1. What are the equivalent ellipsoid semi-axes of the chain, built from the alpha-carbon gyration tensor (square roots of five times its eigenvalues), in whole angstrom, biggest first?
2. Name the residues of region 137-170 whose amide N is less than 11 Å from a point 7 angstrom out from the Cα of Thr209 along the C-beta direction?
3. If you take every DSSP beta bridge whose two residues both sit in the chain, what share of them, in percent to the nearest 5, is antiparallel?
4. For region 17-24, just list the computed ³J(HN,Hα) in residue order, Karplus coefficients 6.51, -1.76 and 1.60, θ = phi - 60°, integers in Hz, with x standing in for Gly and Pro.
5. Loop only per DSSP, at most 11 neighbouring Cβ atoms within 10 Å: give me the GluC sites (Glu not before Pro) in region 174-220, ordered by residue number.
6. Per DSSP H run of at least 4 residues, take -39500 (n - 2.57); add these up for the chain, divide by its residues and hand me the 222 nm value, nearest 500 deg cm²/dmol.
7. Which pairs break 28 Å Cα to Cα here: Lys126/Lys220; Lys21/Lys46; Lys25/Lys220; Lys115/Lys192; Lys115/Lys220; Lys19/Lys46?
8. What distance in nm separates the two pseudo spin-label positions at Glu117 and Glu202, each 7 Å out from Cα along the beta-carbon direction?
Amino acid sequence: MSENQKVIEIEVLRYHPEKDKEPHKQVFEVPFTDDMSVLQGVQYIKDYLDGSLSFRWSCRMAICGSCGMMINGEPSLSCQTFLRDFYPARVRVEALSHFPIERDLVVNIEGFIEKLESIQPYIIPKEPRTLAQGEYLQTPEQLNAYEQFSSCINCLLCYAACPQFGLNSSFIGPAATALLHRYNVDSRDGGKAERMELVNSEEGVFNCTAVGYCSEVCPKQVDPANAVNQNKTNSAADYFLRFLTPKGGAK
Ligand code: FES
């Protein structure tokens with residue numbers, strides 16, 4: 001280590017279910033340079049101080065969405081959060097809030113995967129279409145309607161930020177609602193009525209209490225709170241349409 005190299009303390013929440021009754025803190029001293037992310041700090045720990053530390057990562061460039069952690073209590077992508085911004089204070093790293101911890105910084109995301117599947121995250125054609133009919137064409141306005149909501153990287157920071165998901169894990173939550181909305185407003189899609197059943201359900205958007213922290217922590221500016229709010233409006237319209245039309249509901 002060079003004379004000028006700085007050292008920062010990283011406090012990590014550890015949990016190995018085969019031997020730990022409860023998660024507990026462990027502090028490591030990590031030499032760092034100003035270009036090192038929190039993820040690189042955690043990788044230093046694994047490479048040089050404790051090889052049993054578990055965490056997820058892949059791209060190291062805020063694309064894959066796998067490195068989400070609570071960093072000093074805020075849901076953050078560890079690959080785009082820098083140690084220099086905390087020095088000389090200690091930085092605290094914990095598993096994402098509101099998810100069961102599998103091991104150290106790795107959380108169980110099965111419930112989220114089930115939510116993703118439930119929203120049917122693919123285009124359901126309005127009518128059968130043959131290959132000979134060629135590609136779907138869209139206007140720039142039609143693309144604009146959903147493009148923002150298609151930028152989600154499933155990093156789950158919004159779920160760690162959502163107090164309602166913390167209270168009720170069956171709530172469909174921000175990211176799944178944003179993706180649901182992405183397909184519902186796509187001009188090529190005809191699956192809105194099916195997806196609205198979920199929006200209107202007990203697990204649906206009215207669980208949201210409009211805190212808006214989900215959109216604040218989103219690293220891709222997807223604005224899931226906006227998707228939730230638009231679906232509250234859609235759901236209310238659906239409810240009243242039932243009284244006005246024989247079949248009712250939004251199409
Ligand atoms: S490692 Fe891929 S988003 Fe951080």
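Every read-out reported here was derived from the displayed coordinates using simple, explicitly stated rules and does not represent laboratory data. The model shown is predicted, which means the values in this text are computed figures rather than measured ones. Note: ideal-geometry Cβ built from the backbone for every residue, glycine included; neighbour counts use all protein chains shown.
1. After diagonalising the Cα gyration tensor, the semi-axes are 41, 20, 15 Å.
2. Answer for region 137-170: 163-168.
3. Details: 19 of 22 bridges.
Taking every DSSP beta bridge with both residues in the chain, the antiparallel ones total about 85 percent.
4. x, 6, 9, 9, 6, 9, x, 9
5. Passing both the DSSP loop test and the Cβ count: Glu202.
6. -9000 deg cm²/dmol
7. Where the Cα-Cα span goes over 28 Å, the pairs concerned are Lys126/Lys220; Lys25/Lys220.
8. Distance between the two pseudo-spin positions: 2.0 nm.
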